Structure formats: structure tokens, C-alpha cells
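The values are calculated or read from the model by the stated rules, or taken from the named source; none is laboratory data. The shown structure was predicted, so the numbers you read here are calculated from the model rather than taken from an experiment. Ideal geometry is used to build each Cβ from the backbone, glycine not excepted, and the neighbour counts take in all protein chains shown.
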Amino acid sequence: MPVNTILGLFAKSPIKPLQKHIAKVHQCCEQLLPFFMAVAEDRWDEATVIYGQINQMEKEADVLKREIRLKLPSGLFMPLARTDLLEMLTQQDKIANRAKDICGMMLGRKLTFPADLSQDFQAYIKRCLDATELAVKAIGELDELLETGFRGRELQLVEEMVKQLDIIEDDTDQLQIGIRRKIFARESEFNPVDVIFLYKVLEKIGDLADQADRVGARLELMLARN
Amino acid sequence: MEILAQYGTQLVLIAALFGLLMAWGIGANDVANAMGTSVGTKTLTIRQAIIIAMIFEFTGAYLAGGEVTSTIKGGIIDPIAFTAHPDVLVLGMIASLLAAGVWLVVASFFGWPVSTTHSIVGAIVGFAVVSLGANAVQWDKFGSIVGSWVITPAIAGLIAYVLFISVQRLIFNTDNPLENAKRYGPVYIFLSAMVICLVTLQKGLNHVGLPLTSNESTLISLVLSLIAAIGGIFFIRRLRFNPQDDVKMHYSNVEKVFGVLMIVTACAMAFAHGSNDVANAIGPLSAVVSVVSHGGAISANSAIDWWVLPLGAVGIVLGLAMMGHKVMATLGTGITHLTPSRGFAAQLATASTVLLASGTGLPISTTQTLVGAIMGVGLARGIAAINLGVVRNIVISWVVTLPAGALLSILIFGLLEKIYL
């Protein structure tokens, strides 16, 4: 007789918050591009400001993450496994952490990279951002997947996106190898400690795409459980 | 015996008053559960939902409420055991009504999801056992009623699952979902209308002076369903589809078609709800009326007095008109992420199941059947998140309500005995 029987039956969907989270993460990563531009042109004040923004967004993503976790109690009956959702959330969140790490590392050491590699670096970052953007898109399809009961054409569409993520990730690996080779060829010109960190930053940027790919892999796993 | 002669009219009036109050309560509260999915998916405004509910709750109660009313009236207790004690039956039925009412008020105060049906059945069994002993109850009937409480949500769940999968296959997972929605929409409308008409007409409309043969009723059902389907085609044609909406969410326009289907299933829900739940209010009343008007004679199969069913129907409508708006307002905002396609599957499954139960005279809980149906859609991976805690609460309240209703009716029966006997 109480009116809330049917009302109480529907719990808050985790899908929208999940989408909001990955969108925030991507937004955070996007700041890397202006950050690198600023660094390349030795505008450290501006870089510091951008770092502050990235830091802020990473924190906002963290808040979103915590909210989702708290609102996903174990007594929910969902079309997706709760553990999968939480794991995916963790993977999503790691992307933002990486972005913050990269900036922090560069800012802390006032690390610059060789001017003639600037183009390569930019292309590399852009490609990595392609990956995070595609991850946003793929997670964005969860709405439609729910509508179609996680079946059929919509499923194929998302699987296609995940495949695309793989391809982009491969691309970034190739770009990384290229840049690494160029740095290696001229290693002796730089301060040895800087070189170590240069390699590290290079790797961390690649992690963005790696991590985005991992989100896609999680999504695929989630959908495969039929 | 003397009591019946002396206080007969008074007792009937008391029973009628309580019956009306109970019906009022069902209209005010229960209907919100039955119509909640329609309002929650925003296919109907609150006003539209109330108007639909008023019309179809009334017709459902009046046209198809007879079987379940008979069960409550004389199916749970053993009429033979009461032939020597018609006064006990009359007081007991009044006590049951009161007990169920009290229990529902208590439960809604604490927010427990209890069912009117369960309370009234528990109450009737309670007074019967205490007044005349265990053999005053037809335990096999009681057993099948209780069994149906478990089975009906499961059946509704299964139907909803199959319906939802069929919707996915035929519409959502195709090249052109919108075209297919327009094509199959009327078919689903036909199906929904057919279920309502068949169940209602097969049981016959003798009590409203419309005796029909089986063939006649099938024919009429077909015609009415076709009319509904054609009406559906008309309404779907009139829909304005905006491709812009699909940019944000691919299936916005498809869901608009389901909005039309949901209007039909909302009617079916109200009809089914009226047909099953009116008995909770007027079943005991009709027992009282029948005993008093026959001067104490109890017969198992006596017809329900002509004014009893409409009284219940009017009570429900009154409750709806007075309280429906307030109660539904809380629903409209609450249900998120339930789209019309899901609401349609859940409602059609619930309405069919409840109507079948009404046809066979089984008093069941509409709300719990709907919960079962929603779970069915959830199993087909159609709903983002279902709170299993609510399901657990329902099971708990289910177990508590039977003895609680029984206990209360025993207490009230004792009181009435002191007053009248």
C-alpha cells in the first residue's frame, strides 16, 4: 500500500555518473596540449596555471568516482556486473592521474624537450587524446546499449569502437618508438638526469592511451558476459 | 440468529461503510503503484493517469471483479461450517475488513510494502480459525491462493522477459528501429486489447445483463482489439518525430511509439487492478449482505448483490479523485531510467497475469506482480539498476502480513462479539 514500493524498486543508474566521470577525465587530459605548448615556448607561468587546472579537474574526477562508489551498494540488480563497473571506474580514473603525473613531473623539474622534437611530441599527445576521446564515446554508448538490452547492432558498434581503441593504442606505441629512437640518437647532448625523465614522460603519455584502451577492454569484457 | 434480525440492516450499513472506506484506500494508494510506471515514464501526465484509472478501474471492478469477490466472500472459509453460525460469519467479515484496514494504515505509516490482498486473506482466515476452529477454512483453497502469490510475480516476470526480448528482436536491434516500431506497435496494441477483452468476456457479463457465448465473446474481443489497433495506428501516425532528438539518444523517437503503447497498457493495468483489488474491499461486504438478505442462510454460490460491485468501484474512483493527485505526484519525479518500452513490457505482463488471476478468482497482489514483471525486464538486461532491498522487504512484509492480519481480525472479532453477542 505505501506508494514507494514501485518507486523504491528503481535505484539510481550508475551509467550517467560513469559517463560524467570519463568526460571529466578526458577534459583533464585535453589540457595537456596547451600545457606542452606553454612548456615548449618556455612560458612556465602559464604552464603552472594549466597544471593547476589539471589538478583541479583530477580532483573533481576523484569526487565523482567516490560518489559512484558510494551509490553502488551491493544490493543492486544491474545488467552489468557491479565489480566490472567499479573496475572500469578505477581504470577511467587512472587516466586523469596519469595526466596529472605528467604535468607534475615536467613542472617540478622544469623539464623541456628538444625543440626539434616538439612536433613529434604534439602528434604523439594528440594521438593519445584521440584514445581518451574515443573512450568517452564508447562509454557514452552505454545509454544506447541499455536501450537495446546489450545486444545486436548497438553491441557491434561499441565493439567496433573498442577495436578502434586498440588501433589507436598501437599507433601511439609506434609514435613512442619513433620519438624514443630520436632521443636515443642524441642522448649525449642532454643532461643525463633530464634524459631519464624525458623517457619517463614519454612513457607516461603513452600510458594515457594504454589506460584508455584498458577502459575499452573492460567495457568489452562487461558486454561479453551474456 | 436474533442478532441478524435485530441488527441486520445496521450490520450491512457498517460493512458497507467499511467496504467503501477500504475501496477508497485502494483507490487512493494502490492505484499509484498500478499507474506509477506510466507516470514515471512521463507517457501520461498525472491528470491523464487519474482519468484513465478512474474509467478503467471502475469498469474493471464492475465487469471483471466478480470472481475474486466470490472467492473472498465464500471461497476461503468453508460455508458449510458456518451454516449454523451465520452471525459469526457476519461479524467476522466486518472484523476482517476493519483488521485489514488497520493493518494497512499501520504499515503505510512505517512505509512497509504490504498488500491489501494479503491482509484481507489473513484476516479472514484468522477470524474463521478462532471462531469455529481450523475446519472452518478451506485449506486447499487457501493454499492455492497463497501459492498464487508466489507464482504470479514469477509468471509476470516470465511474460515481461519474453515480451521485452521480442521488442528487442523486432524493433530495437534492427536496421530501422523507428520503422519497425511503427509497424509492430499496432500488433502489440492488438495483443494487449485482446488479452483484456478475452479474459473479461470469456468470464461472461451476465451480471450486467449481457450473456455471451464463447464464440460471441471471441468475436467481440477480436473486433474491439482491431479497433484498438487501428486507433493505435492513427495515434502513431500523428506522432511528431524529431530526428534531432536521436542525436542525443538514438532511440528517443522509438520510445515515442512506445508511449502510445503504454497508454493502452496503462488502461489494461487499471482495468486489471480494478478487477482484482475491488474484491479486497467488497468481498467481505458481499458476504455480509448475502447472509443478512437471506435471513441467515449461507450458500456457497449465491450471486453477489447488484449494488455491491458498483459500490466498490465507486469507492476506488472516489479515492482516486480525492487522493490520487497527491499520491502520484511523488511518483512522477522518482522513477528515473525507466523508458516507455520497458514500462510497456512490464505493464502488459502484469495486466495479463492479474487479469488471468481475476478470471480464475485468485486474489493476488497487483503491486507484487508488477514488481515481478519489472524484475523480468531487468533479467533481460533492460533496466539500469533495481533495488533488491525492496524485493527483500516485500518478501518480509509478505510473511508478516498474514499473521498480522489474522491477529488483528481475531482481536476485533472478539470486540464485536462482546458488543453484539
Subject >> Residue count for segment B:253-302, restricted to those that are over 21 Å from B:VAL354 (Cβ atoms) and of a type in the set (Gly, Ala, Ser) >> reply: 10
**OP:** Tell me, please, whether a residue that is within 19 Å of B:LEU311 (Cβ to Cβ) and of a type outside the set (Lys, Arg) can be found in segment B:72-83.
**Re:** yes
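Against the condition at positive phi and more than 9 Å from chain B (Cβ to nearest Cβ), how does A:ASP62 come out, does it pass? Write out each step before concluding.
On the way: at positive phi: no; more than 9 Å from chain B (Cβ to nearest Cβ): yes.
No: the conditions fail for A:ASP62.
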Original post:
Can you tell me which of A:GLN27, A:GLN91 is over 30 Å from B:LYS326 (Cβ atoms), modelled with pLDDT of 90 or more and in contact with a Lys or Arg (Cβ under 8 Å, 6 or more places away or on another chain)?
Top reply: A:GLN91
**OP:** Scan segment A:70-85 for residues that are surrounded by 15 or more Cβ atoms within 10 Å (Cβ to Cβ) and within 22 Å of A:GLY216 (Cα to Cα) and report the count.
**Re:** 7
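Looking at segment B:340-358, which of its residues are polar (S, T, N, Q) and farther than 17 Å from B:VAL254 by Cβ? Don't jump to the end; show me each part of the working.
Here is the first cut: in segment B:340-358, the ones polar (S, T, N, Q) are B:341, B:347, B:350, B:352-353, B:358.
If the condition is that a residue be polar (S, T, N, Q) and farther than 17 Å from B:VAL254 by Cβ, then B:GLN347, B:THR350, B:SER352, B:THR353, B:SER358 are the ones that fit.
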Subject >> Search result, residues across segment B:33-67 that are more than 14 Å from every other protein chain (Cβ to nearest Cβ), under 11 Å from B:ILE263 (Cβ atoms) and among the hydroxyl-bearing types (Ser, Thr, Tyr) >> reply: B:THR43
Subject >> Among the residues listed as B:VAL289, B:VAL314, the single one being of a type in the set (Val, Ile, Thr) and either crowded, with 23+ Cβ neighbours inside 10 Å or touching an Asp or Glu at 6+ places or on another chain (Cβ under 7 Å) (or both) >> reply: B:VAL289
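Just checking: which of the helices (runs of 4 or more DSSP H) contained wholly in segment B:38-103 hold 1 or more residues that are out of contact with any strand residue (DSSP E or B) (no Cβ under 9 Å at 6 or more places or on another chain), crowded, with 24+ Cβ neighbours inside 10 Å and modelled with pLDDT under 90? Can you show your working first?
On the way: elements: B:46-64, B:66-70, B:79-82.
Where helices (runs of 4 or more DSSP H) fall fully within segment B:38-103 and carry at least 1 residues being out of contact with any strand residue (DSSP E or B) (no Cβ under 9 Å at 6 or more places or on another chain), crowded, with 24+ Cβ neighbours inside 10 Å and modelled with pLDDT under 90, they are B:46-64, B:66-70.
Suppose we filter B:GLY378, B:GLY389, B:GLY405, B:GLY359 for residues that are touching a helix residue (DSSP H, G or I) at 6+ places or on another chain (Cβ under 6 Å), among the small types (Gly, Ala, Ser) and either crowded, with 22+ Cβ neighbours inside 10 Å or closer than 28 Å to A:THR83 by Cβ (or both); which single one remains?
Values: B:GLY378 fails: touching a helix residue (DSSP H, G or I) at 6+ places or on another chain (Cβ under 6 Å); B:GLY389 fails: touching a helix residue (DSSP H, G or I) at 6+ places or on another chain (Cβ under 6 Å); B:GLY359 fails: either crowded, with 22+ Cβ neighbours inside 10 Å or closer than 28 Å to A:THR83 by Cβ (or both).
The match here is B:GLY405.
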Original post:
Out of curiosity, is B:SER148 away from every other protein chain (no Cβ under 14 Å), part of a helix (DSSP H, G or I), polar (S, T, N, Q) and under 19 Å from B:ALA346 (Cα atoms)?
Top reply: yes
Subject >> helices (runs of 4 or more DSSP H) wholly inside segment A:1-89 that include at least 3 residues being under 24 Å from the mean Cα position of the chain (by Cα) >> reply: A:15-30, A:32-40, A:44-70
**OP:** With the condition kept exactly as written, say whether any residue in segment A:4-23 is aliphatic (A, V, I, L, M), more than 29 Å from A:GLU147 (Cβ to Cβ), more than 14 Å from chain B (Cβ to nearest Cβ) and in contact (Cβ under 8 Å) with a residue 40 or more places away in the chain.
**Re:** no
**OP:** Would you be able to tell me the number of residues in segment B:364-375 that are crowded, with 24+ Cβ neighbours inside 10 Å and either within 7 Å of another protein chain (Cβ to nearest Cβ) or not small (Gly, Ala, Ser) (or both)?
**Re:** 8
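Looking at B:LEU370, is it closer than 18 Å to B:VAL121 by Cα and at pLDDT 90 or above?
Numbers: closer than 18 Å to B:VAL121 by Cα: no; at pLDDT 90 or above: yes.
Criteria not met by B:LEU370.
On the given criteria, is B:VAL114 crowded, with 22+ Cβ neighbours inside 10 Å and not in a helix (DSSP H, G or I)?
Numbers: crowded, with 22+ Cβ neighbours inside 10 Å: yes; not in a helix (DSSP H, G or I): yes.
Criteria met by B:VAL114.
Do you know which residues across segment B:376-393 are in a helix (DSSP H, G or I), touching a residue at least 60 places away in the same chain (Cβ under 8 Å) and facing another protein chain (nearest Cβ under 7 Å)?
Residue satisfying the conditions is B:VAL390 alone.
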**OP:** Could you identify the single residue in A:GLU46, A:GLU41 that is out of contact with any helix residue (DSSP H, G or I) (no Cβ under 8 Å at 6 or more places or on another chain) and of a type outside the set (A, V, I, L, M)?
**Re:** A:GLU41
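Kindly establish whether A:LYS126 is in contact (Cβ under 8 Å) with a residue 40 or more places away in the chain, more than 14 Å from every other protein chain (Cβ to nearest Cβ) and more than 23 Å from the chain's Cα centre (by Cα). Full working, then the answer.
Working: in contact (Cβ under 8 Å) with a residue 40 or more places away in the chain: yes; more than 14 Å from every other protein chain (Cβ to nearest Cβ): yes; more than 23 Å from the chain's Cα centre (by Cα): no.
In short, no.
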Subject >> Residue in segment A:95-108 that is farther than 30 Å from B:GLY389 by Cβ, away from chain B (no Cβ under 14 Å) and more than 20 Å from the chain's Cα centre (by Cα) present >> reply: yes
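Does B:SER119 meet the test of being within 14 Å of another protein chain (Cβ to nearest Cβ), closer than 19 Å to B:VAL399 by Cβ, in contact with a Pro (Cβ under 6 Å, 6 or more places away or on another chain) and not in a loop (DSSP other than H, G, I, E, B)? Steps first, answer last, please.
Details: within 14 Å of another protein chain (Cβ to nearest Cβ): yes; closer than 19 Å to B:VAL399 by Cβ: yes; in contact with a Pro (Cβ under 6 Å, 6 or more places away or on another chain): no; not in a loop (DSSP other than H, G, I, E, B): yes.
It is false that B:SER119 is within 14 Å of another protein chain (Cβ to nearest Cβ), closer than 19 Å to B:VAL399 by Cβ, in contact with a Pro (Cβ under 6 Å, 6 or more places away or on another chain) and not in a loop (DSSP other than H, G, I, E, B).
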Subject >> Residue satisfying condition, being within 14 Å of chain A (Cβ to nearest Cβ), surrounded by fewer than 22 Cβ atoms within 10 Å (Cβ to Cβ) and in a helix (DSSP H, G or I), within set B:PHE142, B:PHE109 >> reply: B:PHE109
Original post:
So, of the residues in segment A:130-158 that are more than 14 Å from chain B (Cβ to nearest Cβ) and out of contact with any Leu (no Cβ under 7 Å at 6 or more places or on another chain), which turns out to be farthest from B:SER341 (Cα to Cα)?
Top reply: A:ASP130
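In segment A:90-114, what residues are assigned to a helix (DSSP H, G or I) and closer than 17 Å to A:GLN176 by Cα? Don't jump to the end; show me each part of the working.
Initial filter on segment A:90-114 (assigned to a helix (DSSP H, G or I)): A:90-109.
Once the filter is applied, which keeps residues that are assigned to a helix (DSSP H, G or I) and closer than 17 Å to A:GLN176 by Cα, segment A:90-114 yields A:ARG98, A:ALA99, A:ILE102.
Looking at segment B:23-32, which of the residues that are within 11 Å of another protein chain (Cβ to nearest Cβ) and modelled with pLDDT of 85 or more is farthest from B:ALA268 (Cα to Cα)? First the steps, then the outcome.
Looking only at segment B:23-32, we keep the residues that are within 11 Å of another protein chain (Cβ to nearest Cβ), and these are B:25-26, B:28-32.
Filter once more, keeping what is modelled with pLDDT of 85 or more: B:25-26.
Details: B:GLY25: 21, B:ILE26: 17 Å.
Filtering segment B:23-32 for residues that are within 11 Å of another protein chain (Cβ to nearest Cβ) and modelled with pLDDT of 85 or more, the one farthest from B:ALA268 (Cα to Cα) comes out as B:GLY25.
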Original post:
Residues of segment A:50-59 being surrounded by 15 or more Cβ atoms within 10 Å (Cβ to Cβ) and out of contact with any Leu (no Cβ under 9 Å at 6 or more places or on another chain), which ones?
Top reply: A:GLN53, A:ASN55, A:MET57, A:GLU58
Subject >> In segment B:168-188, the residues that are more than 9 Å from every other protein chain (Cβ to nearest Cβ) and of a type outside the set (S, T, N, Q) >> reply: B:LEU170, B:ILE171, B:LEU178, B:GLU179, B:ALA181, B:LYS182, B:ARG183, B:TYR184, B:GLY185, B:PRO186, B:VAL187, B:TYR188
